[in-house]
1. Label points 7 Å out from Cα along the Cβ direction at residue 185 and residue 413: separation in nm?
2. Go ahead and collect, in residue order, the members of region 601-639 whose backbone nitrogen is under 19 Å from a label point 7 Å along the Cα-Cβ direction of residue 585.
3. Order by neighbour count: 300, 559, 306, fewest other Cβ atoms within 10 Å first, most last.
4. According to the square roots a ≥ b ≥ c of the eigenvalues of the Cα gyration tensor, what is the shape class of region 313-435, taking rounded for a/c under 1.5, prolate for a/b larger than b/c otherwise, and oblate for the remainder?
5. Taking the Cα-to-Cβ direction at residue 535 and at residue 317 and moving 7 Å from each Cα, how far apart do the two end points lie in nm?
6. Where the centre of each part is set by its Cα atoms, how far does region 146-202 sit from region 458-520, in angstrom?
7. Quick one: check the C-alpha center-to-center distance for region 558-584 versus region 359-432, whole angstrom.
8. Before anything else, pin down the relative contact order of region 123-256: Cα pairs under 8 Å, at least 6 apart, normalised by residue count, whole percent.
């Protein structure tokens, strides 16, 4: 070191007064001791046609301080080390150094790293040349800059405007969207020095851009240093990735390690430079340049976003009270304490906007879904939260300003799933919202009149929905009553079924209507039918009233008519026919109620006549029965079997006579003649068989053991005289008599055989 000072002092001993020994002079004193790789770098520089002696001097100085961390190789320090005279102009010297450094960098002898310049060995030059030759797309540089801005300097993805509003925003740098599809209504657009729209980025152009786009325009200063640094970083990273798996010499590996460290240093500088650029950037919103002082970029951007939102969401403040949960929406719909007067509602301006939007579309016959409403009012100039918009719809529905329709059916306030329909995404595109047309007072008065006249109700709600719900309850109750009354018709043809059927249909038509306007319009259209039903059904309900007697009287009359219908072939009495005709006319009348009081007397009269007629018919039948029984008794006595059959046969004829006494129709009484005849034939048959049996026993007892060949036995066939003479005959001549006797002879001959005895009884 001492010898270096001596040699340098001797070399510059003859210099003029004020001369200084430049630091480069010390290189010559140690050159002989340097590694050849260092010397050849300087030698090649000396031999270069494009480099000057000053360039070589500067190169020597850069080598001398390459490994001295205490002396950063920046232009200030280099100028200090290269001063050759005490009076030398340092500014000119710095300019000279800057020009020289550019030439050295171009020849890949020196590398710039921030504000420092580094001497490169041959190996370092080779690597730097390879790095320099790597192509990096400008889009990669902008993407990396975007990452630093939006992940480190301003990492927020939403701008918190207030405790209730957080606005997501698009992130754009030089028209390049950062990460994925961004469809937010507002955004931030950063303009870097690399941005080239084909025109100069004047304030006028930037103002027009901010007016055209819903973006906060951030115009960075023209200094592109951070972008150049980023480009170098990307080149170095690309080189290190490419050579990462390839083992090189120890020197090469050391250089790559140094390059890796250099990347970290450069990135630190890039972030600092970008931070400074954002501090000094011009901000534009809605064609205005914002006057925001230089300060923390995040604070500046927040102020810019606030201005952007104030400019775009001019009706944001229309909502003053906010919804925090589905429970709050349920309170709006169902709680009795909710304010039902929109004029006094804190959010009245917002309600008016939503109501007007729905009304416009309804008048144009444009379907509006819940999703349409929420999407519209989440965008500018509103920007409201989705749940607050849902709350506004709930309020408009509660105060009967809008109607909700789902799956072609209108929803009512009584629907307990309303909150779910309003707030769940799966219903947003299915549920329609339309302006509700107010029902005219005339229609409401019609509804109240029907309630009074048909349902006998006068205490009614004043509002449309309440009145419709109450009416539907009346309709449901009435329909249930009709259903119960119709059960009676399963058993008898009572009057008024047509009234009940028509009423049931009328009520069903009304009950299925969900829309309030349609409901009251239908009431008006069906008013006369309702009033007619109300009037007609009053008599019918009295008829079926368990506390009344009309149905009981009517049932007796129906029984009387039924008896007459079954016996009318035999009833020829004019008085009976006329009386039953009067009864029948009443019971078949559509409106018999005013005549039912006549039925008891008519029914009693008919019953009395019928009993007399039936008694007259039963008298000869009774005589026939008694005659037949007499013949049976005679047969029992003749054959001596009364002890065996007497009680049995008596019981049979007593039962027949008892039933004859209870008979309530002619055909039953007349049929008992036939039954008596059959009973007679059966009993006489039993007597005949028993007599034959007794005779056979007696013959066997008197035989004395002598075997007598059996004689052929004859069977007795009993024939009823009534059957031989069946039907009415008129005998006016001998021929008629001969004809009758001939018919009897033929019938008897059909029964007669060699082994047969005919017995006529």
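1. 3.1 nm
2. 601-607
3. 559, 306, 300
4. rounded
5. Label-label distance for residue 535 and residue 317, simple model: 6.4 nm.
6. For region 146-202 versus region 458-520, the Cα centre distance is 64 Å.
7. Their Cα centres are 70 Å away from one another.
8. That works out to 26 percent.
All of the numbers you see were taken from the coordinates with simple rules; none came from a lab. Just so you know, these numbers come straight off a predicted model, no measurement behind them. When we count neighbours, we look across all protein chains shown, and the Cβ atoms used for this are built from the backbone with ideal geometry, even at glycine.
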